[in-house]
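The values are calculated or read from the model by the stated rules, or taken from the named source; none is laboratory data. Keep in mind the model is a prediction, meaning the values are calculated, not measured. Cβ coordinates were reconstructed from backbone atoms using ideal geometry, including for glycine residues, and neighbour counts include every protein chain displayed. Calculation scope for accessible area: heavy atoms of the full protein, side chains included, ligands and nucleic acids excluded. Shrake-Rupley method; radii C 1.70, N 1.55, O 1.52, S 1.80 Å.
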Amino acid sequence: MKIHEYQARDLLSQAGIPVPPSSVIESPLMAEDAFARATKGMSSPLAVIKAQVHAGGRGKAGFVKLVKTAAEAKAAAEFMLTNKMVSVQTGPEGLAVKKLLVAAGVDIAKEYYLAITTDRASRRNVLIASKEGGVEIEKVAEENPAAIIKEFLHPTLGLQGFAARKVAYQLGFTGKLASQAADIMQKLAKLFVEKDCSLAEINPLVLTSPPPSTPSALLAIDAKFNFDDNGLFRHPELQAMADPTEENPAELRAHAAGLSYIALDGNIGCLVNGAGLAMATMDIIKLHGGTPANFLDVGGGATEEAVTEAFKIILSDQAVKGILVNIFGGIMRCDVIAQGVVNAAKTYKNADGSMGFKVPLVVRLEGTNVEAGRKILSEAKSLVPTLQAATDLSDAASKVCKAVG
């Protein structure tokens with residue numbers, strides 16, 4: 001699960017990590033008051049307005065703007081709330097913006113990157129830091145890997161003080177700033193574990209450039225959190241932060257039905273039981289020249305009703321031109337899947353009001369009660385004219401790819 005930046009800033013603030021004051025608005029009419037609150041006490045008013053969407057690339061897309069007057073704030077808010085944001089992460093269709101963060105501007109001397117995530121190769125949580133903050137860390141890692149600092153967390157003690165101070169010194173901090181940086185790192189690491197995060201990121205962490213009589217300080221001015229869905233049952237406060245309008249409707253529908261579904265950009269729908277088999281199915285579709293439209297794992301105990309719902313979800317994607325069903329019956333019985341396929345094909349209602357599947361349907365079954373399942377499919381061919389049975393996975397992929405051209 002993802003959350004918005006303003007929610008991430010709240011989590012950082014609650015953990016004792018310093019963030020600039022800010023507020024959230026939902027209409028241009030609120031922008032002027034929000035600007036006044038954010039810049040109160042400033043000799044030279046400056047605020048930043050940021051679109052709140054679950055996608056990056058906001059700055060390059062024009063959806064992060066610095067404003068110096070209330071009128072500029074209102075104009076920026078009106079632009080962002082009436083236009084879709086299109087970036088490399090949204091695709092050409094873009095995302096509608098419904099909320100904006102209005103925060104106090106900060107005089108920045110230097111930007112840094114901090115994050116806690118899980119290193120799957122070593123199966124340990126790791127602190128990642130860099131002097132090159134404010135940009136995509138993937139680009140930094142590719143172009144200048146020496147700029148990436150990694151410090152693995154102790155499996156039970158977390159990020160210890162000496163380790164955090166070591167990274168702070170590597171980033172170039174000394175004295176009180178080194179202590180402040182180490183404190184921020186340890187608090188971020190603690191937050192990562194307590195909230196069952198898969199990613200806790202501050203980018204950038206900035207060193208302020210204050211007037212001569214005021215000491216510099218570190219502030220988190222942008223943050224990103226991803227949470228492990230399997231741990232959300234422990235965190236009702238995080239579940240309350242979920243924004244369904246930012247999620248794919250089909251993925252939400254699948255989650256409600258107990259199905260694991262991820263939308264992709266191909267034209268061959270996949271219905272499979274087992275995550276590994278689903279990945280292999282997508283690979284073999286690509287091998288035969290096709291492109292999968294989704295990952296969909298119905299699990300080991302799917303009912304006929306769940307299978308029917310899975311088909312409805314797949315076909316809600318207008319790009320789908322064919323469907324491959326690949327079932328290996330272990331716990332799952334092939335006859336249950338076969339009957340679910342037939343029921344779905346007979347009862348599915350198309351947009352034009354007609355019944356039944358119009359797209360090619362290729363089914364490969366193997367395992368428990370496979371002969372009973374194949375018999376059900378064979379007897380249903382007259383009722384489901386688009387259905388083809390396959391002898392093995394390669395045959396299934398070849399047939400569906402040829403069927404969709």
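Figures for the structure shown
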{"quantity": "Near-label residues of the range 181-225 by backbone N, under 19 Å of a point 7 Å along Cα→Cβ of GLU138", "calculated": "198-204, 223-225"}
{"quantity": "Hz values of 3J(HN,Hα) by residue in the range 81-92 - Karplus curve (6.51, -1.76, 1.60), Gly and Pro given as x", "calculated": "7, 10, 10, 7, 8, 10, 9, 5, 8, 9, x, x"}
{"quantity": "Contour excess over end-to-end distance, with Cα ends at ARG124 and GLU305 and 0.36 nm allotted per residue", "calculated": "61.2 nm"}
{"quantity": "Percent carbon-and-sulfur accessible area, the range 12-61, ignoring ligands, DNA and RNA, probe 1.4 Å", "calculated": "52"}
{"quantity": "Kirkwood Rh in Å, taken over the range 168-213 so that all alpha-carbon pairs contribute", "calculated": "12.1"}
{"quantity": "The range 301-405 - Debye-derived log10 I(q)/I(0), Cα point model, q = 0.22, 0.23 Å⁻¹", "calculated": "-1.24, -1.35"}
{"quantity": "In the range 324-405, the trypsin sites (Lys or Arg not before Pro) that fall in loop regions by DSSP, at most 16 other Cβ within 10 Å", "calculated": "LYS358, LYS381"}
{"quantity": "The range 193-317, relative contact order in percent, only Cα pairs under 8 angstrom and at least six apart counted", "calculated": "19"}
{"quantity": "Charged-residue dipole, Cβ positions (Lys, Arg, Asp, Glu), the range 86-154 about Cα centre, Debye nearest 20", "calculated": "320"}
{"quantity": "Relative contact order (%) - criterion: Cα under 8 Å, at least six apart; region: the range 1-131", "calculated": "27"}
{"quantity": "Taking the chain and dividing mean pair separation by its residue count, relative contact order in percent (alpha carbons under 8 Å, at least six apart)", "calculated": "12"}
{"quantity": "Charge dipole magnitude, Cβ of K and R +1, D and E -1 - the chain, Cα centre, debye nearest 20", "calculated": "380"}
{"quantity": "Pairwise centroid distance, computed over Cα atoms, of the range 47-92 with the range 185-259, Å", "calculated": "20"}
{"quantity": "Selected from ILE116, ILE323, ILE202 as most flexible by GNM, with the chain as the system and alpha-carbon contacts under 10 Å", "calculated": "ILE323"}
{"quantity": "Accessible surface, per residue, of the range 118-172 when the full set of protein chains is kept, probe 1.4 Å, Å²", "calculated": "63"}
{"quantity": "Computed label-point distance, nm, for sites ALA242 and ASP229 using a 7 Å Cα→Cβ extension", "calculated": "0.9"}
{"quantity": "Fraction of antiparallel bridges per DSSP, the range 319-405 only, in percent to nearest 5", "calculated": "10"}
{"quantity": "Extension reserve of the LYS190-ILE331 stretch, reckoned as 0.36 nm per residue once the Cα distance is removed", "calculated": "46.8 nm"}
{"quantity": "Accessible area of the range 289-405 belonging to carbon and sulfur atoms, whole % at 1.4 Å probe", "calculated": "52"}
{"quantity": "Extension gain, THR156 back to THR347 (0.36 nm per residue minus Cα-Cα distance, nm)", "calculated": "63.4 nm"}
{"quantity": "Global geometry of the range 25-66, whether rounded, prolate or oblate, following the gyration tensor of its Cα atoms and the 1.5 cut on a/c", "calculated": "oblate"}
{"quantity": "Built amide H within the under 5 Å cut-off of LEU264, gap 5+", "calculated": "ASN294, PHE295"}
{"quantity": "Among the listed pairs LYS99/LYS187; LYS65/LYS99; LYS60/LYS84; LYS50/LYS84; LYS321/LYS349; LYS40/LYS60, those beyond 18 Å (Cα-Cα)", "calculated": "LYS99/LYS187; LYS40/LYS60"}
{"quantity": "Over the range 41-131, equivalent-ellipsoid semi-axes from the Cα gyration tensor in Å", "calculated": "29, 21, 9"}
{"quantity": "CD proxy at 222 nm, helix term only [per DSSP H run n ≥ 4: -39500 (n - 2.57); per residue of the chain; nearest 500]", "calculated": "-10500 deg cm²/dmol"}
{"quantity": "Antiparallel bridge percentage (DSSP; both residues within the chain; nearest 5)", "calculated": "75"}
{"quantity": "With DNA, RNA and ligands ignored, accessible area of LEU66 (1.4 Å probe; Å², nearest 10)", "calculated": "120"}
{"quantity": "Sparsely packed GluC sites (Glu not before Pro) within the range 23-115, loop by DSSP, other Cβ within 10 Å at most 14", "calculated": "GLU26, GLU93"}
{"quantity": "Along each principal axis, Cα extent of the range 262-310, largest first, Å", "calculated": "32, 18, 15"}
